[in-house]
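Each remark here refers to the structure printed beneath this line.
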Amino acid sequence: MLLVETLTAVGHNSGIFGFMNTQWGWPFVESLHFIGLTLLLGTVGLFDLRLMGLGRGIPIKALHPLVRFGVAGFLLNALTGFMFIISDPGQYVYNPAFQIKVLAMIIAGINLAVFYLVMAKKVRALSDDAIVPLPARLIAMTSLCCWCVVIAGGRLITFYRPPEFWCFWC
Ligand code: HEM
């Protein structure tokens, strides 16, 4: 319960709780959350599909600069997501749909690190219509699956509120 109390205090002391409970606060932040996910899936998702072999005529080097907009989308979602959480933490902290969403984001982060540490250099050196090496295709598939789980988890959050009786491991 300490986590919920701490997050509640942050929400009230920061004024975010007050803003989110105005008529347009929550809908505005929810809309920003959707803009963030669109930016992320519209760029990182596209890059993943190209790595998986779709759109072979599109040079990978031409798509990669778009990934920074995906990062911006994720940061926007981290901010707006945090605003949701500190405005009503008891709805999320014990919510299995939210926990699965966070787990999928952690796996997506590790997967991204593996790509940039192990595969990015090899992929950048490929010719425009080359077939991407299998490890990079598997990393791209994992990325796409993770973001789809994040979206599904986000959408399912509302169906597992409040979660005390759902969360036997809490
Ligand atoms: C650290 C990052 C994130 C946090 C903390 C977070 C948190 C949340 C929370 C708390 C909600 C529930 C909002 C509500 O109760 O109305 C939510 C909804 C949602 N989130 Fe996120 N989120 C994050 C990132 C993402 C990302 C990256 C995506 C997509 C790729 C995403 C997709 C969604 C979707 C689709 C919903 C459902 C909105 C609805 O239908 O009402 N979120 N998120």
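The values are calculated or read from the model by the stated rules, or taken from the named source; none is laboratory data. Just so we're clear, the structure is a prediction, and the values are computed from it rather than from any experiment. Neighbour counts are summed over all protein chains in view; Cβ atoms, including those assigned to glycine, are modelled from backbone coordinates with ideal geometry. Please note that ligands, DNA and RNA were not included when accessible areas were found on the heavy atoms of the full protein model with its side chains. Shrake-Rupley method; radii C 1.70, N 1.55, O 1.52, S 1.80 Å.
Looking only at region 7-16, decide whether some residue is touching a residue at least 12 places away in the same chain (Cβ under 8 Å) and not in a helix (DSSP H, G or I). Scanning region 7-16, I find no residue that is touching a residue at least 12 places away in the same chain (Cβ under 8 Å) and not in a helix (DSSP H, G or I), so the answer is no.
Counting only residues that are buried (at least 17 other Cβ atoms within 10 Å of the Cβ) and near the ligand (Cβ under 8 Å from one of its atoms), region 147-161 holds 5 of them. Consider region 63-82 and keep the residues that are open to solvent by less than 60 Å² (accessible area, probe 1.4 Å), free of Cβ contacts under 8 Å to residues at least 24 places away in the same chain and among the hydrophobic types (A, V, I, L, M, F, W, C). The one that is farthest from Asn13 (Cα to Cα) is Leu63. Out of all the residues in region 42-59, is one or more within 25 Å of Phe159 (Cβ to Cβ), under 15 Å from the mean Cα position of the chain (by Cα) and of a type outside the set (D, E, K, R)? Scanning region 42-59, I find at least one residue that is within 25 Å of Phe159 (Cβ to Cβ), under 15 Å from the mean Cα position of the chain (by Cα) and of a type outside the set (D, E, K, R), so the answer is yes.
Out of region 83-111, which residues are within 9 Å of the ligand (Cβ to nearest atom), assigned to a loop (DSSP other than H, G, I, E, B) and open to solvent by less than 40 Å² (accessible area, probe 1.4 Å)? Scanning region 83-111 gives Tyr92, Asn95. Taking every residue in region 105-127 that is within 16 Å of Leu63 (Cβ to Cβ) and touching a residue at least 60 places away in the same chain (Cβ under 8 Å) and pairing it with any residue that is assigned to a helix (DSSP H, G or I) and open to solvent by 80 Å² or more (accessible area, probe 1.4 Å), at least 6 positions away or on another chain, the pairs with Cβ-Cβ distances below 8 Å are Arg124/Lys61.
Report whether or not Leu79 is more than 15 Å from Val150 (Cα to Cα) and within 20 Å of the chain's Cα centre (by Cα). If you could, list the steps in order and put the result at the bottom.
Working: more than 15 Å from Val150 (Cα to Cα): yes; within 20 Å of the chain's Cα centre (by Cα): yes.
Yes: the conditions hold for Leu79.
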